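*Asks:* Take a look at the following structure, please.
The values are calculated or read from the model by the stated rules, or taken from the named source; none is laboratory data. Because the structure is predicted, anything quoted here is derived from the model rather than measured. With ideal geometry, Cβ positions are generated from the backbone for all residues, glycine too; neighbour counts draw on all protein chains shown.
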Amino acid sequence: MNTHPSAQKPIFSYKKYWAKRFGTAPFLPTTRAEMDELGWDSCDIIIVTGDAYIDHPSFGMALVGRLYEAQGYRVGIIAQPDWTSVDAFRELGEPNLFFGVTSGNMDSMINRYTADKKPRSDDAYTPDAAPNKRPDRAVVVYSQRCKEAYPGVDVMIGSIEASLRRIAQYDFWSDKVRPSILINARADILLYGSGERALIEVAERRAKGIRLKDIRDVRGTAFLIQHGKTPDNQEWTEIDSTTVDVPGKVDTLLSPYMEYSPEELAARDEEVKEHAKPVLFMTAKERAEARRQARHQQVVRIPSFEAVAYDPVLYAHASRTLHLESNPGNARALVQMHGERDVWLNPPPIPLTTEEMDYVFGLPYARNPHPSYGDAHIPAWEMIRFSINIMRGCFGGCTFCSITEHEGRIIQSRSHESVIKEIEEIRDKTNDFKGYISDLGGPTANMYRMACKSHDIEKNCRKLSCVWPDICPNLNTDHSSLIELYRKARSVEGVKKISIGSGLRYDLAVESPEYIKELVTHHVGGYLKIAPEHTEAGPLSMMMKPEMKKYDRFKELFEKASKEAGKEQYLIPYFIAAHPGTSDEDMMNLALWLKKNNFRLDQVQTFMPTPMALATTMWHTGRNPLKKLSRSSTKVDIVKEGKRRKLHKAFLRYHHPDNWPMLRNALHDMGRDDLIGYGKKHLIPPTQPADWVPPVKGASKAKGKQGQTAATNSAANPSRQTTKGKFQTARTAWHPTERFQDAGKGGNRAKTGGTGNTAAKRSKPKAR
């Protein structure tokens, strides 16, 4: 299994399927009637998705569907089917090749529930934001229904929901470790990561008559296999993961100054025998030969589902091992036992080249929702319809984020020509375009074309992040190509303004003052969203986020560039409450920072443990997987109790009277009564306002909804944001995983999840 990108067959070079003669469909069919209009008697591939069908490259079903269409397959879409029976899954008949199943652009559990496990009242990916249009754990439900509708049909599962559940993983909503999604979904194969190569290769083989369950050597795939067997009975060298990272017991040394009874010594001997391992002697020649053995024929066995389900240390060890095997240049296959079967994970896919990215994003998308939705509002579509993906992937490695695990750590960028062409298509094809592009970005706005300076170093690197604890000296941080792209985009006829809505990596931005000047002068409309996430060193180290001195430096350059441009502009930071490794004192210091800088946050976000994220491992195990693990490893402070989580949220909203009673008690218990008073040095007052009414249970939801609407309106119309010496700014209020999850194949920078916005108020802004 060669890992060099040049050895990979270009995705557009495969022989086209015979049905290519049917040509391109205006929209992929969703009903039998639409199939009849196209002259189809059947579909070759049917995609089942939990989202409304929007024919746009930011939406997974469209990208995958158009990619398969370009290969000559007849592709049908079953969008948001009624999962309570099999009838909806028979709408298009039995596919000739297979079903492709996805929950949609988001994990169905994150889409449905808040960080407090409360059901959301809407769904951004559904017409008119209607809730309850997809089941919990949608991939499992849809896959099972496909098998019920047509027993014996081949089923492929994918999307971020399947990708992040490919091995045993902690499930926040049931508070237990669940097995690989392959076990319950009954699927034949799972595709993870940015899967265009695997999508085409697997379909090609299926078209030749090979069943999905027999395809075992494609990168970026996972499947079930009988325990002890290897794919195609090939020769594999199995490596126990504990040889890389030993989580085992540390023996206590006997004191030479103490006397021990024969019984104590015998018990000690028995314990040693139980845990003893044979010593393997190897000659120098044998050791050299072992080192030369090809990594692509090695498979790392991580602790079984049964072991990690009941042993937090082994769970943390398995999580750490998976993340260490995430670089496609050196990653080995992984295997994990589930009962009598193994879940086998092939190494991650090789990233797409620029030419391949251009091909994927240049397919004939209609760039609109399916006509059957009429005039219905689909919030996720409305948010991204004037935005453009210029890249995918992220090498940041933030522990609360799942981008690296899903899209990969290698940045995959489009060409300038491809991006400019898409801007022109938006101008010509998208209704109500007024000349404003809402975003040019990706998971991160300014990682475009960034990569390791050396291909050899890149393919051998084992670091979890290229920018933490500091920027790697081997990372090319040149922003010149991105600056050139911005300038070209602004010059497109019909374009009036281009905003940058993606998250900005400010520690990279400070490496290029020219980029900051370009950004501030032309692409900031008064406010720029930015994500320090916290101010204190402890939480930041657990998040793998840069120190606040980088934020301070960026703020300095931002304000300088704004002044030179003759503009009054402000940074809008957002933060996470209750992240693993955050103490009450850390949140108190963050609140003091917010007050010092005159920030007042509404609708704050609380950490939500999501599958496969390293921060989730911390949450579940209390261990730090960023370091080598042992039974005696220092435990991480985890904020699980409801009372503490509310307290951490309250610190972020220190200005709200409803939170003052809780904060007074907390400050008193912390010995910080000096922060209670009416002065500037105080955080909260000692008494409640005279007109204060204690919040009533059940009223918070309606109140929150009103605040959300106000924030949304404010964001939509910046001219209304200034009021009597105060101004209100709006920022996207996705919780961490919602913000950083991609929205389907291709790495959508929509990062959508809920539909709320968070407003930050800042008192008496001063021009600097």
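*Asks:* With the requirement that a residue be closer than 17 Å to Ile423 by Cβ and over 22 Å from the mean Cα position of the chain (by Cα), what does segment 335-365 give you?
*Replies:* Hits for segment 335-365 are Asp358, Gly362, Leu363, Pro364, Tyr365.
*Asks:* Is one or more of the residues making up segment 411-429 assigned to a loop (DSSP other than H, G, I, E, B) and under 15 Å from the mean Cα position of the chain (by Cα)?
*Replies:* For segment 411-429, residues assigned to a loop (DSSP other than H, G, I, E, B) and under 15 Å from the mean Cα position of the chain (by Cα): present.
*Asks:* Scan segment 336-351 residue by residue and report those that are in contact with a strand residue (DSSP E or B) (Cβ under 7 Å, 6 or more places away or on another chain) and within 15 Å of Val218 (Cα to Cα).
*Replies:* Correct list: Val343, Trp344, Leu345, Asn346, Pro347, Pro351.
*Asks:* Continuing with this model, one more query. For Ile390, indicate whether it is of a type outside the set (Ser, Thr, Tyr), surrounded by 24 or more Cβ atoms within 10 Å (Cβ to Cβ), within 19 Å of the chain's Cα centre (by Cα) and at pLDDT 95 or above.
*Replies:* It is true that Ile390 is of a type outside the set (Ser, Thr, Tyr), surrounded by 24 or more Cβ atoms within 10 Å (Cβ to Cβ), within 19 Å of the chain's Cα centre (by Cα) and at pLDDT 95 or above.
*Asks:* Next question, about the same structure. Consider segment 484-497. How many of its residues are surrounded by 15 or more Cβ atoms within 10 Å (Cβ to Cβ) and not in a helix (DSSP H, G or I)?
*Replies:* Of the residues in that region, 2 qualify.
*Asks:* Here is a further query. Within segment 509-531, which residues are within 20 Å of the chain's Cα centre (by Cα) and at pLDDT 95 or above?
*Replies:* Within segment 509-531, none qualify.
Here's the yes/no breakdown for (1) surrounded by 16 or more Cβ atoms within 10 Å (Cβ to Cβ); (2) touching an Asp or Glu at 6+ places or on another chain (Cβ under 6 Å); (3) touching a residue at least 60 places away in the same chain (Cβ under 8 Å); (4) of a type in the set (S, T, N, Q):
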residue: Tyr17; (1), (2), (3), (4): yes, no, yes, no
residue: Pro26; (1), (2), (3), (4): no, no, yes, no
residue: Met35; (1), (2), (3), (4): yes, no, no, no
residue: Asp41; (1), (2), (3), (4): no, no, no, no
residue: Ala52; (1), (2), (3), (4): yes, no, yes, no
residue: Gly60; (1), (2), (3), (4): yes, no, yes, no
residue: Val75; (1), (2), (3), (4): yes, yes, no, no
residue: Gly93; (1), (2), (3), (4): yes, no, yes, no
residue: Gly104; (1), (2), (3), (4): yes, yes, yes, no
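*Asks:* I would also like to ask the following. Would it be correct to say that Glu425 is closer than 17 Å to Val360 by Cα and either at pLDDT below 95 or polar (S, T, N, Q) (or both)?
*Replies:* Judged against the criteria, Glu425 is a match.
*Asks:* Out of the residues in segment 231-246 that are closer than 22 Å to Ala318 by Cα and in a loop (DSSP other than H, G, I, E, B), state the one that is modelled with the highest pLDDT.
*Replies:* Residues of segment 231-246 that are closer than 22 Å to Ala318 by Cα, as a first pass: 231, 236-246.
Right, trim to in a loop (DSSP other than H, G, I, E, B) and you get 236, 244-246.
Values: Trp236: 86, Val244: 61, Asp245: 67, Val246: 58.
The residue in question is Trp236.
*Asks:* Please go through segment 568-624 and give me each residue that is in contact with a Leu (Cβ under 8 Å, 6 or more places away or on another chain), in a loop (DSSP other than H, G, I, E, B), in contact (Cβ under 8 Å) with a residue 60 or more places away in the chain and surrounded by fewer than 23 Cβ atoms within 10 Å (Cβ to Cβ), ordered by number.
*Replies:* Within segment 568-624, Val604, Met612 qualify.
*Asks:* Take Tyr170 and tell me if it is more than 22 Å from Gly60 (Cα to Cα), aromatic (Phe, Trp, Tyr) and buried (at least 22 other Cβ atoms within 10 Å of the Cβ).
*Replies:* For Tyr170, the condition - more than 22 Å from Gly60 (Cα to Cα), aromatic (Phe, Trp, Tyr) and buried (at least 22 other Cβ atoms within 10 Å of the Cβ) - is met.
*Asks:* For segment 535-567: of the residues being out of contact with any strand residue (DSSP E or B) (no Cβ under 6 Å at 6 or more places or on another chain) and part of a loop (DSSP other than H, G, I, E, B), which is surrounded by the most Cβ atoms within 10 Å (Cβ to Cβ)?
*Replies:* For segment 535-567, the residue satisfying everything is Pro546.
*Asks:* Residues to consider are Ile411, Ile423, Ile500; find the one that is touching a Cys at 6+ places or on another chain (Cβ under 9 Å) and closer than 30 Å to Asn368 by Cβ. Before the answer, list the steps.
*Replies:* Values: Ile423 fails: touching a Cys at 6+ places or on another chain (Cβ under 9 Å); Ile500 fails: touching a Cys at 6+ places or on another chain (Cβ under 9 Å).
From the options Ile411, Ile423, Ile500, the qualifying one is Ile411.
*Asks:* Residues that are in contact with a Ser or Thr (Cβ under 8 Å, 6 or more places away or on another chain), polar (S, T, N, Q), in the same structural domain as Asn389 (by TED's automatic domain parsing) and part of a loop (DSSP other than H, G, I, E, B): does segment 449-458 have at least one?
*Replies:* Restricting attention to segment 449-458, the residues satisfying the condition of being in contact with a Ser or Thr (Cβ under 8 Å, 6 or more places away or on another chain) are 449-450.
Add one more test, that the residue is polar (S, T, N, Q), and what stays is none.
For segment 449-458, residues in contact with a Ser or Thr (Cβ under 8 Å, 6 or more places away or on another chain), polar (S, T, N, Q), in the same structural domain as Asn389 (by TED's automatic domain parsing) and part of a loop (DSSP other than H, G, I, E, B): absent.
*Asks:* Still on this structure, please answer the following. Identify, from the list Ser42, Ser85, the residue that is of a type outside the set (Lys, Arg), over 30 Å from Gly442 (Cα atoms) and at pLDDT below 95.
*Replies:* Ser85
*Asks:* Is it the case that segment 247-267 has a residue that's at pLDDT 65 or above and either assigned to a strand (DSSP E or B) or charged (D, E, K, R) (or both)?
*Replies:* Yes.
*Asks:* Has segment 499-522 got any residue that is assigned to a strand (DSSP E or B), hydroxyl-bearing (Ser, Thr, Tyr) and on the phi < 0 side of the Ramachandran plot?
*Replies:* no
*Asks:* Report every pair of residues separated by at least 6 positions or lying on different chains whose Cβ atoms are under 6 Å apart, first residue within segment 472-496 and among the β-branched types (Val, Ile, Thr), second in a loop (DSSP other than H, G, I, E, B).
*Replies:* Once the first residue is among the β-branched types (Val, Ile, Thr) and sits in segment 472-496, its partners that are in a loop (DSSP other than H, G, I, E, B) give Thr477/Glu511; Val495/Gly435.
*Asks:* While we're on this one: Of all residues being under 40 Å from the mean Cα position of the chain (by Cα) and either aromatic (Phe, Trp, Tyr) or part of a helix (DSSP H, G or I) (or both) in segment 668-691, which is farthest from Lys595 (Cα to Cα)? Just the residue, please.
*Replies:* Selected residue: Asp669.
*Asks:* Now, a different point. Return only the number of the condition from (1) buried (at least 19 other Cβ atoms within 10 Å of the Cβ); (2) closer than 30 Å to Asn330 by Cβ; (3) of a type outside the set (D, E, K, R) that Ile423 does not satisfy.
*Replies:* (2)
*Asks:* Counting only residues that are under 29 Å from Gly525 (Cα atoms) and among the basic types (Lys, Arg), which one in segment 431-483 is surrounded by the fewest Cβ atoms within 10 Å (Cβ to Cβ)?
*Replies:* Per the criteria, the residue is Lys434.
*Asks:* Looking only at residues in segment 664-690 that are without any contact (Cβ under 8 Å) to a residue 60 or more places away in the chain and either assigned by TED's automatic domain parsing to the domain that holds Asn598 or among the hydrophobic types (A, V, I, L, M, F, W, C) (or both), which one is surrounded by the most Cβ atoms within 10 Å (Cβ to Cβ)? Explain how you work it out, then say what you get.
*Replies:* Initial filter on segment 664-690 (without any contact (Cβ under 8 Å) to a residue 60 or more places away in the chain): 664-665, 668-669, 671, 673-674, 676-682, 684-690.
The next check asks that each one be either assigned by TED's automatic domain parsing to the domain that holds Asn598 or among the hydrophobic types (A, V, I, L, M, F, W, C) (or both); those that pass are 676, 684, 690.
Values: Ile676: 17, Ile684: 23, Ala690: 5.
Here the answer is Ile684.
*Asks:* Tell me which residues, restricted to segment 81-121, are in a loop (DSSP other than H, G, I, E, B) and among the aliphatic types (A, V, I, L, M).
*Replies:* The answer is Val86, Leu92, Leu97, Met106, Ala115.
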